[in-house]
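Quick one: this structure, given as structure tokens, is what I'll be asking you about.
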Amino acid sequence: FLEGPTVNLLRSDAPSEAVIAFATDDLVRASVQIERSGAGAQTFHEERSTRRHEIAVSGLEPGSEHVYSVKAGSLESRKLTFRAAPRKGEALVRFAYLGDSRAGPGGGLSSFMGVNHDTLSRLAHLARSEGAAFLAIGGDLVSGYTSVPDDFLTQLQAWKQAMAGFWIERPIYAAMGNHEALLRAFEGASVDRWPYDTQSAEAVFADMFVHPRNGPQPSDPRRPSYLENVYSFHYGPVKLIAFNNNYWMSNVSEKYGGCPEGYILGEQLDWIRSELEAADKDPAVAYVILYAQEPVFPNGGHLGDTMWTGGDNRVRAHVYKDPNVLPEEDGLIVVRNKLVRMAASSRKVAAVLGADEHAYHHVLIGKDVPIGDIDRDDRNKS
């Protein structure tokens with residue numbers, strides 16, 4: 001066994017289901033055995049041999065504890081446990097949230113293969129001891145910013161290792177940060193790595209995690225997929241929406257296309273709007289939590305980027321409109337304000353969580369909080 005096993009997709013959208021994932025060094029056909037109290041055991045087999053195993057299990061009793069083990073060839077894990085998700089709208093929910101677990105100063109385990117292994121593993125232990133049913137992370141898992149796919153994979157594997165004690169029995173739902181960057185670099189430019197379907201940061205991130213597959217579709221099929229980096233799920237009475245404001249990253253979007261840090265393209269905004277509208281109509285949803293890497297209202301060392309860029313609305317994505325690369329209609333501040341207004345108009349949104357600034361602050365959004373009106377406040381018409 002090289003990774004795992006990990007418990008994934010415990011969610012109230014499908015409370016009788018889960019996915020057990022692990023990796024082996026050899027091609028092998030694997031299986032998962034689930035033991036249910038008073039109902040005997042059931043074994044779920046893979047259809048073919050592989051090295052990365054994602055085995056769906058079903059027939060779980062919502063909210064109940066289950067014993068599981070995995071078998072790969074002659075290897076068999078010890079017996080482990082997890083608790084199935086409650087039914088939608090039921091139960092009290094406690095979960096943990098963190099961000100920015102990439103390598104820190106000090107060397108040793110504080111800077112282990114792109115990960116602050118020391119702090120991250122202690123936080124995972126704290127989350128477990130405090131009874132968190134799952135853990136969500138708002139990006140910058142690893143140091144990233146690499147042009148070498150194997151380097152990026154190694155860093156994500158180190159992150160998984162640090163989280164193994166939690167993940168072996170409780171799921172993790174991760175968002176992408178600006179440091180989850182796998183790039184091609186040339187002529188002073190760094191852009192999301194292509195081919196997008198196999199080597200983009202989004203594609204590799206999706207391969208390394210097991211997330212819901214209910215995000216939006218790119219309006220241009222030539223762009224990276226949103227699959228498993230933008231998604232939503234329910235846990236009890238809470239709906240969580242993981243969005244990606246580091247999608248299709250580019251530091252020279254006006255020349256080669258792509259998004260500046262913090263930008264959200266229209267198809268993702270439309271998807272977020274539809275997810276919020278669905279939550280407002282769903283009597284089983286009491287609260288909605290949105291989370292991503294870039295803070296909507298930065299208050300620290302990232303006032304010049306994130307979703308504020310010093311208030312400069314000229315910053316925007318550029319997209320391919322053959323044969324040209326053309327700017328999107330909305331600048332970043334307008335995009336930010338659209339997101340804020342969507343969240344504020346939903347009667348169920350409890351919080352929009354970010355990360356990036358390596359510090360804690362919060363703001364209560366009310367009718368008197370100024371978010372900026374471009375037509376009124378932009379004196380130089382930028």
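So, Thr50, is that one surrounded by 13 or more Cβ atoms within 10 Å (Cβ to Cβ) and on the phi < 0 side of the Ramachandran plot or not?
yes
Also, I was wondering about something else. Mind listing whichever residues of region 34-50 are within 17 Å of Asn8 (Cβ to Cβ) and part of a strand (DSSP E or B)?
Ile34, Phe44, Thr50 - these are the residues of region 34-50 that are within 17 Å of Asn8 (Cβ to Cβ) and part of a strand (DSSP E or B).
Select from region 312-338 the residues that are open to solvent by less than 30 Å² (accessible area, probe 1.4 Å) and either of a type in the set (Val, Ile, Thr) or within 21 Å of Ala136 (Cβ to Cβ) (or both) and list them in ascending order.
Val319, Ile333, Val335
I need every pair where a residue in region 65-92 that is more than 12 Å from Ser16 (Cα to Cα) has its Cβ under 8 Å from the Cβ of a residue that is in a strand (DSSP E or B) and open to solvent by 100 Å² or more (accessible area, probe 1.4 Å), sequence separation at least 6 or different chains.
What qualifies is Ser69/Glu76; Val70/Glu76; Thr81/Glu65; Phe82/Glu65.
Report every pair of residues separated by at least 6 positions or lying on different chains whose Cβ atoms are under 8 Å apart, first residue within region 252-267 and within 14 Å of Arg222 (Cβ to Cβ), second acidic (Asp, Glu) and at pLDDT 95 or above.
Partner pairs satisfying both residue conditions: Gly258/Asp192; Leu265/Glu328.
Now, a different point. What are the residues in region 1-28 that are touching a residue at least 40 places away in the same chain (Cβ under 8 Å), more than 13 Å from Ser77 (Cα to Cα), open to solvent by 40 Å² or more (accessible area, probe 1.4 Å) and not hydroxyl-bearing (Ser, Thr, Tyr), if any?
Of everything in region 1-28, those that are touching a residue at least 40 places away in the same chain (Cβ under 8 Å), more than 13 Å from Ser77 (Cα to Cα), open to solvent by 40 Å² or more (accessible area, probe 1.4 Å) and not hydroxyl-bearing (Ser, Thr, Tyr) turn out to be Arg11, Asp13, Glu17, Asp26.
Now a separate question. Taking the stated definitions as given, is Arg316 in contact with a helix residue (DSSP H, G or I) (Cβ under 8 Å, 6 or more places away or on another chain), closer than 19 Å to Phe243 by Cβ and among the charged types (D, E, K, R)? Before the answer, list the steps.
Working: in contact with a helix residue (DSSP H, G or I) (Cβ under 8 Å, 6 or more places away or on another chain): yes; closer than 19 Å to Phe243 by Cβ: yes; among the charged types (D, E, K, R): yes.
The answer is yes for Arg316.
Which residue is farthest from Leu240 (Cα to Cα), if the candidates are limited to region 73-100 and must be open to solvent by less than 30 Å² (accessible area, probe 1.4 Å) and among the aliphatic types (A, V, I, L, M)?
Ranking the candidates gives Leu80 first.
Report whether or not Val67 is more than 21 Å from the chain's Cα centre (by Cα), more than 30 Å from Gly177 (Cα to Cα) and surrounded by fewer than 21 Cβ atoms within 10 Å (Cβ to Cβ).
yes
While we're looking at this one, here's another question. Would you mind stating whether Ser121 is of a type in the set (Ser, Thr, Tyr) and more than 17 Å from the chain's Cα centre (by Cα)?
yes
Which of the strands (runs of 3 or more DSSP E) found entirely inside region 140-245 contain at least 3 residues meeting this: out of contact with any Leu (no Cβ under 6 Å at 6 or more places or on another chain) and open to solvent by 10 Å² or more (accessible area, probe 1.4 Å)?
On the way: elements: 172-174, 183-186, 189-192, 231-235, 238-242.
The strands (runs of 3 or more DSSP E) meeting that bar are 183-186.
So, in region 275-311, of the ones that are assigned to a helix (DSSP H, G or I) and at positive phi, which residue ends up most open to solvent (accessible area, probe 1.4 Å)?
Within region 275-311, the match that is most open to solvent (accessible area, probe 1.4 Å) is Gly310.
The values are calculated or read from the model by the stated rules, or taken from the named source; none is laboratory data. Values in this document were obtained by computation on a predicted structure and should not be read as measured data. For neighbour counting, all protein chains shown are included, and Cβ atoms are generated from backbone atoms with ideal geometry for every residue, glycine included. Surface accessibility is based on the protein's heavy atoms, side chains included, excluding ligands, DNA and RNA. Shrake-Rupley method; radii C 1.70, N 1.55, O 1.52, S 1.80 Å.
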